[in-house]
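One structure is given here, and the rest of the page talks about it.
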Amino acid sequence: MNRLSIYILALGVFLTATSELVVAGILHIIAEDLNISIALAGQLITAYSLAFAIGTPIVVSLSSRMGRRKVLLGSLAVFILGCLTSFGSSEISLLMVSRIILGVSSGVYLVVVFGAVAKLVPAEKLGSAIGTIVLGFSSAMILGVPIGIAITNWWSWQAIFIILSLLSLLITFVIFRLLPEIEGDAPVPFRQQFKVLGSLVIVSGLFLTFFRESGNSILFTYLTPFIQDVLHLKASNISIMMLVFGIFGAIGSRLGGYGVDRWGAACVITLSIIVHVAVLALLPFFVESFVISLVFIALMVFSMFVTGPAIQTYFIQQAPLSSNLVLSLNTSIIHLGLAVGAGAGGVMANATSTVFYHPWIASIIVALGLAAAFVSFRVGKRVQSYSLE
């Protein structure tokens, strides 16, 4: 039953993640339909990310003592409301409101799922379970976005959201019927929960997330122009390559979860980020070889997704009494890092008139994340040894 519950929760993550990612693929269609500029349409992504980053920690903290099933059902109910609002939007202001609703509800659902999974499975299986949840997100990149674009071409962009609302309603019903009751966090005072932010283990771990996501975003946001302009791949083949990279990401999230159970979160984080940094550093040297370059990019995506389950598991292990708060803050840092990296990548592209140098800068920033990880691991070992004494 626990395994079935985890797959059901992962399907919910797939739906909520699709609502986030699909807009970038249909941005120009939304802009044309609403008769607005592409720049204004782009603020739909900004509104979602800000709502996710700011609203999630607040709602998660306020609902931390509630049963996990109740919070999951509530977040999905609000998510369905957001989808219906998107479906009925005929002007940008209402659509912007719907993105805020979707951002907060998706963020709460994702964080609470991570916390619920930690209580559904034994500790030695936590990594694999988290890997399955992350697989739900990576599957949204592989399948959700292309399917959303296809639905837009067949019907309309609004149709995506009515379909998401119907499927989410089904998942809500299944969770209500099958998911066991899961207790909320222990009644730790609100102020006491925030004391965890004074822990160098947690703070340096959050810096790991920030630098890693910023570095990823510097290249990943501009991956399509990098592949077209630097590697000279035809535009018609980009979607196929993105599908291949997405498959590597899905495999990575699955193997990352298994690796955590076998070797521990710290080991998986260290090895995967070392591969990530090395691949980014070497990539510009091999741009003349199309095949080697694509192998390097596939390895980069693979290592990115291997690290994901390990970081989530690491935070749950380091702050068991405040895991929901820390995980929500981590998701906020992820979105902040993505925004900073995308902005920095844009400044670099304007300054140099090329994206050739993006992998090198990304490599340096991700390496800073590895340094932050080492600090967290070292301090964590010291705290553990003191507690044993």
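Filter the helices (runs of 4 or more DSSP H) completely within the stretch 1-99 down to those with at least 2 residues that are over 20 Å from Gly136 (Cβ atoms) and at pLDDT 90 or above. Before the answer, list the steps.
Working: elements: 2-25, 27-34, 38-62, 68-87.
Helices (runs of 4 or more DSSP H) meeting the threshold: 68-87.
Limited to the stretch 350-359, what total is found for residues that are in a helix (DSSP H, G or I) and buried (at least 17 other Cβ atoms within 10 Å of the Cβ)?
Of the residues in the stretch 350-359, the ones in a helix (DSSP H, G or I) are 350-352, 358-359.
With buried (at least 17 other Cβ atoms within 10 Å of the Cβ) added as a condition, the list becomes 358-359.
Of the residues in the stretch 350-359, 2 are in a helix (DSSP H, G or I) and buried (at least 17 other Cβ atoms within 10 Å of the Cβ).
Residue check: is Ala31 under 23 Å from Thr85 (Cβ atoms), without any contact (Cβ under 8 Å) to a residue 40 or more places away in the chain and out of contact with any Gly (no Cβ under 6 Å at 6 or more places or on another chain)?
Values: under 23 Å from Thr85 (Cβ atoms): yes; without any contact (Cβ under 8 Å) to a residue 40 or more places away in the chain: yes; out of contact with any Gly (no Cβ under 6 Å at 6 or more places or on another chain): yes.
Answer is yes for this residue.
Could you go through the stretch 262-278 and let me know if any residue there is among the small types (Gly, Ala, Ser), part of a helix (DSSP H, G or I) and crowded, with 22+ Cβ neighbours inside 10 Å. Walk me through how you get there before you give the answer.
To start, the set of residues in the stretch 262-278 that are among the small types (Gly, Ala, Ser) comprises 264-266, 272, 278.
This time we only want the ones that are part of a helix (DSSP H, G or I), so: 265-266, 272, 278.
Going one step further and asking which of them are crowded, with 22+ Cβ neighbours inside 10 Å, we end up with 265, 272.
Yes - at least one qualifying residue is present in the stretch 262-278.
Taking into account only those residues within the stretch 90-120 that are buried (at least 22 other Cβ atoms within 10 Å of the Cβ) and of a type in the set (Ser, Thr, Tyr), which is nearest to Thr132 (Cα to Cα)?
Of everything passing the filter in the stretch 90-120, Tyr109 is nearest to Thr132 (Cα to Cα).
Which condition number in (1) surrounded by fewer than 22 Cβ atoms within 10 Å (Cβ to Cβ); (2) closer than 19 Å to Met141 by Cβ; (3) small (Gly, Ala, Ser) is the one that Gly308 fails?
Here Gly308 clears every test but (1).
Outside any helix (DSSP H, G or I) and of a type in the set (A, V, I, L, M, F, W, C) - does that describe any residue in the stretch 322-329?
So the first thing to find is which residues in the stretch 322-329 are outside any helix (DSSP H, G or I), and the list is none.
No, the stretch 322-329 has no match at all.
List the residue pairs whose Cβ atoms are under 7 Å apart, where the first residue sits in the stretch 92-119 and is free of Cβ contacts under 8 Å to residues at least 12 places away in the same chain, the second is surrounded by fewer than 24 Cβ atoms within 10 Å (Cβ to Cβ), and the two are 6 or more positions apart or on different chains.
Sorted first by the residue in the stretch 92-119, then by its partner, the pairs are Leu94/Thr85.
For (1) β-branched (Val, Ile, Thr); (2) under 17 Å from the mean Cα position of the chain (by Cα), each residue gets a yes or a no:
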position: Ala266; (1), (2): no, no
position: Ala281; (1), (2): no, no
position: Val295; (1), (2): yes, no
position: Val301; (1), (2): yes, yes
position: Met304; (1), (2): no, yes
position: Ile311; (1), (2): yes, yes
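Look at the stretch 203-227 and say how many of its residues are under 17 Å from the mean Cα position of the chain (by Cα) and either more than 20 Å from Ala371 (Cα to Cα) or not β-branched (Val, Ile, Thr) (or both).
Step one: list which residues in the stretch 203-227 are under 17 Å from the mean Cα position of the chain (by Cα), which gives 205-221.
Add one more test, that the residue is either more than 20 Å from Ala371 (Cα to Cα) or not β-branched (Val, Ile, Thr) (or both), and what stays is 205-208, 210-217, 219-221.
The qualifying residues number 15.
Can you tell which of Thr46, Thr85 is surrounded by fewer than 23 Cβ atoms within 10 Å (Cβ to Cβ), under 17 Å from the mean Cα position of the chain (by Cα) and more than 30 Å from Pro320 (Cα to Cα)?
On the way: Thr85 fails: under 17 Å from the mean Cα position of the chain (by Cα).
Of the residues listed, the single one that is surrounded by fewer than 23 Cβ atoms within 10 Å (Cβ to Cβ), under 17 Å from the mean Cα position of the chain (by Cα) and more than 30 Å from Pro320 (Cα to Cα) is Thr46.
The values are calculated or read from the model by the stated rules, or taken from the named source; none is laboratory data. No experiment lies behind these values; they were computed from the predicted model shown. Here Cβ is always computed from backbone atoms with ideal geometry, including for glycine, and neighbour counts include all displayed protein chains.
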